[in-house]
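The values are calculated or read from the model by the stated rules, or taken from the named source; none is laboratory data. It should be emphasised that the depicted structure is a prediction, and the values quoted were computed from it without experimental measurement. Neighbour counts are summed over all protein chains in view; Cβ atoms, including those assigned to glycine, are modelled from backbone coordinates with ideal geometry.
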Amino acid sequence: MRQVWRYVLAVVSVAAALFITSALEQYTDITPLFYAAIVVSAWFGGRGPGLLAVVLSELAIDYYLVEPYYSLGLGPKPISFLVVFGLLALLTSWMSTRRRSAEEALREARDELEMRVQERTAELRQANETLRERANLLDLTHDTVFVRDMNDVIMFWNRGAEERYGWSREEAIGQVSHVINKTAFPAPLSEIKAELTRTGRWEGELLHTRRDGSVVTVASRWALQRDEHGNPVAVLETNNDITERKRAEEALQKVQTELAHVSRVMTLGELTASIAHEVNQPLAAIVTNGNATLRWLGGVTPNFAEARQAVERIIKDSYRASAVISRIRTLVKKTPPRNDLVDLNELIVEVFALAQNEARRNRVFLKQQLKHDLPQVRGDRVQLQQVILNLIINGLEAIAKNKNGAPRELSIRSESDDADNVVIAVSDSGEGLDTANLERVFDAFFTTKPDGMGMGLAISRTIIESHGGKLWATANSPHGAVFQFTLPTGAESAS
């Protein structure tokens, strides 16, 4: 129906142009109104009605306005006039149609653009509302949360950060976060940022200085934010105050160190007879060689060669006695934990020297199976020596109660496992452990000894775990128990 009205519009427009032109023929030219009718038809009706208006205008002019009137024959009529009018009429119709199409396309594009702008505005409004809601939520948390750009300039600072550090949001925004907080990092900042860029996250402990000058320890978590092209644009940092927890851990570490020291002293107390024998041997040898030296020098003809050899033996035995005293003083001395490279084979040999006489007294054969080129571990030499000594003493006491007729043998083995960890295993042929007690023996105050405190193995496990290792017990075949621990090599534990 709409198409019909377009063509009706063309007919009416041409008819109106003919009527007006006929009425005003003596005052105006015959073509302008027909051009106007063509423009109106093409503009409002489109290409078809515009062409219809061209044809009707051509016929109307030929029939009504060009002599001879009321005739469509060409004859003597001015053919050139009609041809020129027709061409101009077609051009007018085409230009009107094109302009109409262009304006419609422009209007559609404008409408589409406006619609997109409205949609985008709505999206931005929704995004802003979401960000506002999230910011309000971040203000509710007690954790410190702030956002910084890739130059570490603070862009967002929540209420928790205001309360934690003492800087208001207005004061903090625009500042460099690591400067305003006087951050102390556990590693170079360049390495931390490299990990953040590579993985998108970083976690660690930082030291921050508050506005009042007090220092807080925080567990910090960083998350990298990227744009739609994958480029890093900001870092979200969340911090939890763990200052009190760190103080509690330090206090616990201090108590554990005290307990370890007491345990070492008690263990050495159990070895008093062995230690006395170990010291008496070189002292007796010193006395013997001293008397021999006096005899060699007191003769009618002093034997300086023999005297010299005796003095050399005295010096050697003095060093032996000094080494024993030094090892004992090291074990008894109360010092803060160290983190040095330690040769466990060397520790085993030293502990065997201390326990040798105790083993002979209990008629126990000590056996070493030490791997050559054993990797070093990183840790506290005295604490690790204490663990080995405790395991050996426990093994000797278990064998002393042995009534099963098995060979009285205690062996210690060192090796590396598939994960390149160092493994130390102490095996005895004692009474063994009840399967139900394989884990309980490491609990504090649990003991199978009538006069035991139940702290030795608990302290030993704590020491091994603090060095990044693991201590456990299994049954030995055919009799006894095996206590083993693993430690990471020096390079791994240092990382």
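Only one of the numbered conditions (1) in a strand (DSSP E or B); (2) out of contact with any Ser or Thr (no Cβ under 9 Å at 6 or more places or on another chain) is violated by LEU207, and that is (2). Within region 2-23, residues that are more than 16 Å from ALA42 (Cβ to Cβ) have Cβ atoms under 6 Å from residues that are of a type outside the set (Gly, Ala, Ser) and assigned to a helix (DSSP H, G or I) in these pairs: ILE20/LEU33; THR21/LEU33, counting only partners at least 6 apart in sequence or on another chain.
GLY395 falls short of the stated requirement of being surrounded by 21 or more Cβ atoms within 10 Å (Cβ to Cβ) and in a loop (DSSP other than H, G, I, E, B).
In region 308-325, the residues that are at pLDDT below 80 reach residues that are surrounded by 15 or more Cβ atoms within 10 Å (Cβ to Cβ) and charged (D, E, K, R) with C-beta atoms within less than 9 angstrom, at least six apart or across chains, in these pairs: ARG320/GLU278; ALA321/GLU278; ALA323/GLU350; VAL324/GLU278. Is it the case that some residue within region 17-31 is assigned to a helix (DSSP H, G or I), modelled with pLDDT under 75, out of contact with any strand residue (DSSP E or B) (no Cβ under 6 Å at 6 or more places or on another chain) and small (Gly, Ala, Ser)? Checked against the condition, which is being assigned to a helix (DSSP H, G or I), modelled with pLDDT under 75, out of contact with any strand residue (DSSP E or B) (no Cβ under 6 Å at 6 or more places or on another chain) and small (Gly, Ala, Ser), region 17-31 yields at least one hit.
No other residue among ALA419, ALA406, ALA353 is part of a loop (DSSP other than H, G, I, E, B), of a type outside the set (Lys, Arg) and in contact (Cβ under 8 Å) with a residue 60 or more places away in the chain apart from ALA406.
Among the conditions (1) farther than 19 Å from ARG159 by Cα; (2) of a type outside the set (Lys, Arg); (3) part of a strand (DSSP E or B), VAL218 misses just one, which is (1).
The condition (being loosely packed, with under 11 Cβ neighbours inside 10 Å, of a type in the set (Ser, Thr, Tyr) and at pLDDT 90 or above) is satisfied by just one residue among THR199, THR209: THR199. Residues in region 174-196 that are among the polar types (S, T, N, Q) and either in contact with a strand residue (DSSP E or B) (Cβ under 9 Å, 6 or more places away or on another chain) or outside the structural domain of VAL218 (by TED's automatic domain parsing) (or both) were compared, and the one that is surrounded by the most Cβ atoms within 10 Å (Cβ to Cβ) is ASN181.
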